[in-house]
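The values are calculated or read from the model by the stated rules, or taken from the named source; none is laboratory data. In this text, all values refer to a predicted model and were calculated from it rather than measured experimentally. Here the Cβ positions follow ideal geometry from the backbone for every residue, glycine too, while neighbour counts run over all protein chains shown.
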Amino acid sequence: MVKAIELYLVTDNNGLEAVNFYKNVFQAEVLACTTYGQAIPNTPEEKKDLLLNACLSIDGIRLQISDNGPDFPYVAGTNMTACLQLDSAQEAKELYEKLTVDAENIGLELQETPWSPAYANFTDKFGMNWQINADIPGFVSESVNF
């Protein structure tokens, strides 16, 4: 079952600053905030403070934010996606298989990540940017406090 379709913002390696900015602008609650250094072993020192993922609640509406990451170029105009939050890895797999038929680009194939047992991002055949995420409570162990 699809839990939600959320807005996902990707920043140009200033994600922690963006979290703080949007938190203040919208009087949002930071539900989770994890850096690469917290989640990925052996992250180089200069990349440890990059934002892997943050989730803010704005009057009950979730906003996801991350940095573009140490290995991916930032491309303005492609930094906003629809993120499907799902109840299980199996549901993520089923939707991934349907939505990626004739996909323009698969950025990350469906796989386990530090925050989800099943995550993928891609551009579908209509040019729409998607993320699929099995949102399993307790999967991420560390979080930045704001």
Looking at (1) over 21 Å from Asn20 (Cα atoms); (2) touching a strand residue (DSSP E or B) at 6+ places or on another chain (Cβ under 6 Å), can you tell me which one Tyr36 breaks? (1)
Yes/no for Gly138 being without any contact (Cβ under 8 Å) to a residue 60 or more places away in the chain, small (Gly, Ala, Ser) and part of a loop (DSSP other than H, G, I, E, B): yes
Give region 19-31 a look and list any residue that's surrounded by 17 or more Cβ atoms within 10 Å (Cβ to Cβ) and either under 14 Å from the mean Cα position of the chain (by Cα) or under 30 Å from Glu91 (Cα atoms) (or both), or say none. Val19, Ala28, Val30
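Matching residues to (1) of a type in the set (Phe, Trp, Tyr); (2) modelled with pLDDT under 90; (3) over 21 Å from Arg62 (Cβ atoms):
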residue	(1), (2), (3)
Ile106	no, no, yes
Trp115	yes, yes, no
Ala118	no, no, no
Lys125	no, yes, yes
Ile132	no, no, no
Ile136	no, yes, no
Ser141	no, yes, no
Val144	no, yes, no
Determine whether region 18-34 contains at least one residue that is of a type in the set (Val, Ile, Thr) and assigned to a strand (DSSP E or B). yes
Return the pair list, or none, for Cβ contacts closer than 6 Å from residues in region 9-21 that are in contact (Cβ under 8 Å) with a residue 40 or more places away in the chain and closer than 13 Å to Gln64 by Cα to residues that are in a helix (DSSP H, G or I) and not charged (D, E, K, R), at least 6 apart or on different chains. Thr11/Ala18
Go through region 38-50 and count every residue that is crowded, with 16+ Cβ neighbours inside 10 Å, more than 16 Å from the chain's Cα centre (by Cα) and outside any loop (DSSP other than H, G, I, E, B). 1
Of the candidates Thr123, Thr81, the one satisfying the condition of being under 13 Å from the mean Cα position of the chain (by Cα) and surrounded by 15 or more Cβ atoms within 10 Å (Cβ to Cβ) is Thr81
Note on region 22-38: residues at pLDDT 90 or above and not β-branched (Val, Ile, Thr) are Tyr22, Lys23, Asn24, Gln27, Ala28, Glu29, Leu31, Ala32, Cys33, Tyr36, Gly37, Gln38
Index of the failed condition, Glu91 passing every other in (1) touching a residue at least 24 places away in the same chain (Cβ under 8 Å); (2) under 20 Å from Gly138 (Cβ atoms); (3) under 17 Å from the mean Cα position of the chain (by Cα): (3)
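Here's the yes/no breakdown for (1) modelled with pLDDT of 95 or more; (2) assigned to a strand (DSSP E or B):
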position	(1), (2)
Leu52	no, yes
Ser66	no, yes
Tyr74	no, no
Gln85	no, yes
Leu95	no, no
Leu110	yes, yes
